[in-house]
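The values are calculated or read from the model by the stated rules, or taken from the named source; none is laboratory data. For clarity, every value in this text was computed on a predicted model and none was experimentally measured. Using ideal geometry, Cβ is built from the backbone for each residue, glycine included, and neighbour counts are taken over all protein chains shown.
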Amino acid sequence: MANHPDRARLQTLHETLHRYAHQYYVLDEPTVPDAEYDRLFQELQALEAAHPEWVTPDSPTQRVGGKPLDQFASVRHAVPMLSIRTETDTEASGAQNFDARVRKELVLAETDPPVEYVAELKFDGLAMNLRYEQGVLVQAATRGDGETGEDVTQNIRTIGQIPLRLSTEAPAVLEVRGEVYMRRDDFEALNERQRARIAAGEKGEKTFVNPRNAAAGAVRQLDPGIAAQRPLSFFAYGLGEVTPVEQGGPAFGTHYDMLQTLKHWGFPVAALVAIANGAPELVAYHQRIGQTRDQLPFDIDGVVYKVNSLALQQRLGFVSREPRWAVAHKYPAQEQMTTVLGIDIQVGRTGKLTPVAKLAPVFVGGVTVTNATLHNEDEARRKDVRIGDTVVVRRAGDVIPEVVSVVLPAETVERGAEFTMPRICPVCGSAAVREEGEADYRCTGGLFCSAQRKQAILHFAHRRAVEVEGLGDKLVEQMVDAGIVKTLPDLYRLGFTALAALDRMAEKSAQNIVDALEKSKQTTLPRFLFGLGIRHVGESTAKALARHFGKLDAIMDATVEQLLEVADVGPIVAESIHTFFAQAHNREVVEQLRACGLTWEEGEPAVQVPKPLTGKTFVLTGTFPTLGRDQAKDLLEAAGAKVSGSVSKKTDYVVAGAEAGSKLEKAQMLGVAVIDEAAMLALLQAPPQ
Ligand code: IVH
């Protein structure tokens, strides 16, 4: 029987399918099309159907095999699963305190060299113990209380990234510990499906609050068929019971070596692991990861520092069930739940109407948030946010807070009315229209609309435009509401008396504004252009226009074709600039501002120098070893390239960093060139083609 020809084929299929699955799920580098995998998989299924006695638990077909359970069996951990001390102090001191404690415990003098640490991400999922015997996954257990967990093997088998069988070199007994988590894109897609189910009237379905919550729900699903539909991922970061060295088990000197070996055995290990010497390098890691945290395809709630040397780990030992050699250093939570009290419509400078959720105050991302944007009508309706709903609010970095999703309870509740965008401007009553192909409704009132007027003045006075120090939103509101400022030039005609006559305006403050207005008259062409608030003309376009044309009159009189010659300017922008200056009232504003004394230096038109990457389109994904995402974008754009957010056939290069996700897959599918940061830097140096 053992040498039955089909048996040999079965063996080959096992090996090939395991290899393809590892390339696909763990390395993120599929080498064959999905159809080829499916073909071999079906061949194996057919073989197993003909010979049921050959089906083994490590067969690639056995990822979803089990029947629904009544309850999970208890598992006593051979080695307890400990937790780690958490530094909630989100500042640098969190890392410094840990290093100081380690040095004290090891009785190191100040003159002794820095301690070597491994810095890792703290994944926001749930801890899992995977037990392999003779290289085959025999059990997966949750942490539970650390001593006893639950046997969730059936569900964990469904995770493509988790090997069901290891290469032969693995020790006889091997417990790998790590985090089961859900990627953000998988989470979004899952919630999308859940919403569809709820809409279709399926009972007992709900949406999930966050990826962690969804992952925990999936792991504790009694029906492995349902668990299989909840896309989970895994990162390995430690060991449990392992065959001792004396019995042929592996010998590691450092934690870092161990992680590398886990990777070699086929487990996913996060790429952002770093060796850090002493507290300063821990602090640098904490800051670096903190800055790129939002760009990771999965949630983390902090970083983890571990003493690298296993001998030192042993010397440090444990205190009250927490190792002295490891610590978690948190970041402020970026998501919280709260209630929607109302939905307001804000009118922006260009008349754009933005729905904004008014929230019960909630502390998130380090500040108290009471407003969160819903972006536009489609977004608000897609998320189906209604007054009274419980929502997840996200504030990441300095990005404006947004409503991520509504938390729909499993039982039906009475909800508020569906959101609809008003068809008139709530400020001036002019018609609000949404043009074909646009996401936004706009108030058609123009400068008749006091909201637009206020925003236009604030924009002109902005620090990055002509800069009128002290002219903030309260004051602009007063000026516009009092009717003393209707257009930009009115600002310069105000004078001390009119300003001092405003409510709550002290003489000193009025004089300060007069002085600031006087000072603002000496400006630069890019600042002035940016300050005019032409749609689609941001700071960098204003600079490019000034550089290209040298003089304001040349810009005002430029044709669309001439505008298109500017490196930064495409058809939409060119059209917008042309239309702006074609209107007599806008030219009038410019003339009056000049008459009020606004001046700037003018120059000669620039000579066109071709740039190395003109005409090339790049997409950035993942985290780069040295550059931040914005830095990379700036460098590319300065070299003439376009940086796009999504991969298409028109993409020339995808620059992939650590933890690159679906964009990388798409690039590989479309055959788009994938390069790393170093190759991108090399392209920037290349002479123009
Ligand atoms: S090490 C003895 N490393 O955080 C050390 N834990 O209490 C055991 N976690 O339960 C944990 N990322 O679920 C470690 N890179 C990482 C981690 C990590 C996330 C979780 C894990 C553990 C909790 C710490």
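Among the numbered conditions (1) modelled with pLDDT under 95; (2) aromatic (Phe, Trp, Tyr); (3) within 16 Å of the ligand (Cβ to nearest atom), tell me where Phe187 comes up short.
Condition not satisfied by Phe187: (3).
Filter the range 76-109 down to residues that are among the small types (Gly, Ala, Ser) and within 16 Å of the ligand (Cβ to nearest atom) and give me whichever is nearest to Ala140 (Cα to Cα). Walk me through how you get there before you give the answer.
First, pick out the residues of the range 76-109 that are among the small types (Gly, Ala, Ser): 78, 83, 92-95, 100, 109.
Applying the additional criterion that residues be within 16 Å of the ligand (Cβ to nearest atom) yields 78, 83, 94-95.
Numbers: Ala78: 13, Ser83: 18, Gly94: 33, Ala95: 33 Å.
Once the filter is applied, the top-ranked residue is Ala78.
Among the numbered criteria (1) part of a helix (DSSP H, G or I); (2) touching a Ser or Thr at 6+ places or on another chain (Cβ under 9 Å), which one does Glu467 miss?
The single condition Glu467 does not satisfy is (1).
Mind checking which residues of the range 420-438 are at pLDDT 90 or above, within 33 Å of the chain's Cα centre (by Cα) and charged (D, E, K, R)?
The one that is at pLDDT 90 or above, within 33 Å of the chain's Cα centre (by Cα) and charged (D, E, K, R): Arg434.
Inspect the range 269-278 for any residue being part of a helix (DSSP H, G or I), out of contact with any Lys or Arg (no Cβ under 6 Å at 6 or more places or on another chain) and in contact (Cβ under 8 Å) with a residue 12 or more places away in the chain and give the result as yes or no.
First, the residues of the range 269-278 that are part of a helix (DSSP H, G or I): 278.
With out of contact with any Lys or Arg (no Cβ under 6 Å at 6 or more places or on another chain) added as a condition, the list becomes 278.
Still in the list and also in contact (Cβ under 8 Å) with a residue 12 or more places away in the chain: 278.
Yes, that holds for at least one residue.
Across the range 147-181, what is the number of residues that are over 17 Å from Leu69 (Cβ atoms), under 32 Å from the mean Cα position of the chain (by Cα) and not charged (D, E, K, R)?
So the count comes out to 10.
Within the range 401-419, take every residue that is in contact (Cβ under 8 Å) with a residue 12 or more places away in the chain and loosely packed, with under 13 Cβ neighbours inside 10 Å and give me the one that is farthest from the chain's Cα centre (by Cα).
If we take residues in the range 401-419 being in contact (Cβ under 8 Å) with a residue 12 or more places away in the chain and loosely packed, with under 13 Cβ neighbours inside 10 Å, then Ala417 is farthest from the chain's Cα centre (by Cα).
Please tell me if Val327 is over 27 Å from Pro80 (Cα atoms), surrounded by 20 or more Cβ atoms within 10 Å (Cβ to Cβ) and touching a Ser or Thr at 6+ places or on another chain (Cβ under 9 Å). Explain how you work it out, then say what you get.
Numbers: over 27 Å from Pro80 (Cα atoms): no; surrounded by 20 or more Cβ atoms within 10 Å (Cβ to Cβ): yes; touching a Ser or Thr at 6+ places or on another chain (Cβ under 9 Å): yes.
So Val327 does not fit the description; no.
Considering only the range 238-278, how many residues are aliphatic (A, V, I, L, M), at pLDDT 95 or above and over 24 Å from Leu126 (Cα atoms)?
Of the residues in the range 238-278, 2 are aliphatic (A, V, I, L, M), at pLDDT 95 or above and over 24 Å from Leu126 (Cα atoms).
Counting just the residues of the range 564-606 that are at pLDDT 90 or above and small (Gly, Ala, Ser), which one comes out farthest from Leu517 (Cα to Cα)?
Ranking the qualifying residues of the range 564-606, first place goes to Ala574.
Being away from the ligand (no atom under 12 Å from the Cβ) and in contact (Cβ under 8 Å) with a residue 24 or more places away in the chain is the requirement here; does His255 meet it?
Values: away from the ligand (no atom under 12 Å from the Cβ): no; in contact (Cβ under 8 Å) with a residue 24 or more places away in the chain: yes.
No.
All but one of (1) at pLDDT 95 or above; (2) more than 14 Å from the ligand (Cβ to nearest atom); (3) charged (D, E, K, R) hold for Glu120, so report the exception by its number.
The one condition Glu120 does not meet is (2).
So Ala554 ticks every box in (1) small (Gly, Ala, Ser); (2) at pLDDT 95 or above; (3) touching a helix residue (DSSP H, G or I) at 6+ places or on another chain (Cβ under 7 Å) but one. Which box is left unticked?
(3)
Working only within the range 103-133, note down all residues that are among the hydrophobic types (A, V, I, L, M, F, W, C) and part of a strand (DSSP E or B).
Taking the range 103-133 and keeping what is among the hydrophobic types (A, V, I, L, M, F, W, C), we get 106-109, 115, 118-119, 121, 123, 126-128, 130.
Val118, Ala119, Leu121, Phe123, Leu126, Ala127, Met128, Leu130, listed by residue number.
Residues checked against (1) of a type outside the set (A, V, I, L, M, F, W, C); (2) over 32 Å from the mean Cα position of the chain (by Cα); (3) assigned to a loop (DSSP other than H, G, I, E, B):
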position: Ala567; (1), (2), (3): no, no, yes
position: Ile577; (1), (2), (3): no, yes, no
position: Glu601; (1), (2), (3): yes, yes, yes
position: Thr614; (1), (2), (3): yes, no, yes
position: Val619; (1), (2), (3): no, no, no
position: Gln631; (1), (2), (3): yes, no, no
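Filter the range 282-307 down to residues that are among the aromatic types (Phe, Trp, Tyr) and within 12 Å of the ligand (Cβ to nearest atom) and give me whichever is surrounded by the most Cβ atoms within 10 Å (Cβ to Cβ).
Here is the first cut: in the range 282-307, the residues among the aromatic types (Phe, Trp, Tyr) are 285, 298, 305.
Filter again for within 12 Å of the ligand (Cβ to nearest atom), leaving 298, 305.
Numbers: Phe298: 24, Tyr305: 30.
Only one residue fits best here, namely Tyr305.
Whether any residue in the range 343-362 is exposed (fewer than 14 other Cβ atoms within 10 Å of the Cβ) and within 19 Å of the chain's Cα centre (by Cα) is what I want to check.
Within the range 343-362 (the criterion being exposed (fewer than 14 other Cβ atoms within 10 Å of the Cβ) and within 19 Å of the chain's Cα centre (by Cα)), the answer is no, since none of the residues qualifies.
Out of the residues in the range 50-75 that are of a type in the set (S, T, N, Q) and not in a helix (DSSP H, G or I), state the one that is nearest to Arg143 (Cα to Cα). If you could, list the steps in order and put the result at the bottom.
Pass one, the range 50-75, residues of a type in the set (S, T, N, Q): 56, 59, 61-62, 71, 74.
Still in the list and also not in a helix (DSSP H, G or I): 56, 59, 71, 74.
Details: Thr56: 27, Ser59: 26, Gln71: 16, Ser74: 11 Å.
Checking each candidate, the answer is Ser74.
Say we look at the range 14-59 and pick out the residues that are in contact with a Phe, Trp or Tyr (Cβ under 8 Å, 6 or more places away or on another chain) and at pLDDT 90 or above; which of these is nearest to Tyr132 (Cα to Cα)?
Filtering first and then ranking leaves Leu17.
What are the residues in the range 308-328 that are touching a residue at least 12 places away in the same chain (Cβ under 8 Å) and more than 11 Å from the ligand (Cβ to nearest atom), if any? If you could, list the steps in order and put the result at the bottom.
Quick first cut of the range 308-328, residues touching a residue at least 12 places away in the same chain (Cβ under 8 Å) only: 308-313, 315-316, 318, 321-328.
If the condition is that a residue be touching a residue at least 12 places away in the same chain (Cβ under 8 Å) and more than 11 Å from the ligand (Cβ to nearest atom), then Asn308, Ser309, Leu310, Ala311, Leu312, Arg315, Leu316 are the ones that fit.
Within the bounds of the range 193-211, is there any residue that is within 16 Å of the ligand (Cβ to nearest atom) and not hydroxyl-bearing (Ser, Thr, Tyr)? Steps first, answer last, please.
Of the range 193-211, the ones within 16 Å of the ligand (Cβ to nearest atom) are 210-211.
Next cut, not hydroxyl-bearing (Ser, Thr, Tyr) only: 210-211.
The answer is yes, given that some residue of the range 193-211 is within 16 Å of the ligand (Cβ to nearest atom) and not hydroxyl-bearing (Ser, Thr, Tyr).
Considering Val672, Val589, which residue is touching a Ser or Thr at 6+ places or on another chain (Cβ under 7 Å), closer than 30 Å to Leu494 by Cα and among the β-branched types (Val, Ile, Thr)? Walk me through how you get there before you give the answer.
Values: Val672 fails: closer than 30 Å to Leu494 by Cα.
It is Val589.
If a residue has to be modelled with pLDDT under 90 and either surrounded by fewer than 16 Cβ atoms within 10 Å (Cβ to Cβ) or out of contact with any helix residue (DSSP H, G or I) (no Cβ under 7 Å at 6 or more places or on another chain) (or both) to count, how many in the range 650-661 make the cut? Spell out the reasoning first.
Initial filter on the range 650-661 (modelled with pLDDT under 90): 650, 658-661.
Checking which are either surrounded by fewer than 16 Cβ atoms within 10 Å (Cβ to Cβ) or out of contact with any helix residue (DSSP H, G or I) (no Cβ under 7 Å at 6 or more places or on another chain) (or both) leaves us with 650, 658-660.
The qualifying residues number 4.
Counting only residues that are more than 22 Å from Thr420 (Cβ to Cβ) and in contact (Cβ under 8 Å) with a residue 60 or more places away in the chain, how many does the range 329-349 have? So that I can check it myself, show each step before the final result.
Here is the first cut: in the range 329-349, the residues more than 22 Å from Thr420 (Cβ to Cβ) are 329-338, 349.
Subsequent filtering for residues that are in contact (Cβ under 8 Å) with a residue 60 or more places away in the chain retains 329-332, 334-335, 337, 349.
The number of residues fulfilling the criteria is 8.
Which numbered condition trips up Gly388, out of (1) at pLDDT 85 or above; (2) within 25 Å of the chain's Cα centre (by Cα); (3) over 30 Å from Ser450 (Cα atoms)?
The failed condition is (2).
Out of Arg463, Arg493, which single residue is among the charged types (D, E, K, R) and touching a residue at least 40 places away in the same chain (Cβ under 8 Å)?
Values: Arg463 fails: touching a residue at least 40 places away in the same chain (Cβ under 8 Å).
Matching residue, one of Arg463, Arg493: Arg493.
Enumerate the strands (runs of 3 or more DSSP E) found wholly within the range 352-458, keeping only those where 3 or more residues are farther than 28 Å from Lys203 by Cα. Spell out how you get there, then give the answer.
On the way: elements: 353-364, 367-373, 390-394, 402-406, 432-434, 441-443.
In the range 352-458, the matching strands (runs of 3 or more DSSP E) lie at 353-364, 367-373, 432-434, 441-443.
Give the range 123-156 a look and list any residue that's charged (D, E, K, R), surrounded by fewer than 19 Cβ atoms within 10 Å (Cβ to Cβ) and more than 16 Å from the ligand (Cβ to nearest atom), or say none.
Result: Glu133, Asp151.
How many residues are outside any helix (DSSP H, G or I) and polar (S, T, N, Q) if we restrict to the range 486-521?
Taking the range 486-521 and keeping what is outside any helix (DSSP H, G or I), we get 486-487, 494, 501-506, 521.
Subset that is polar (S, T, N, Q): 487.
The number of residues fulfilling the criteria is 1.
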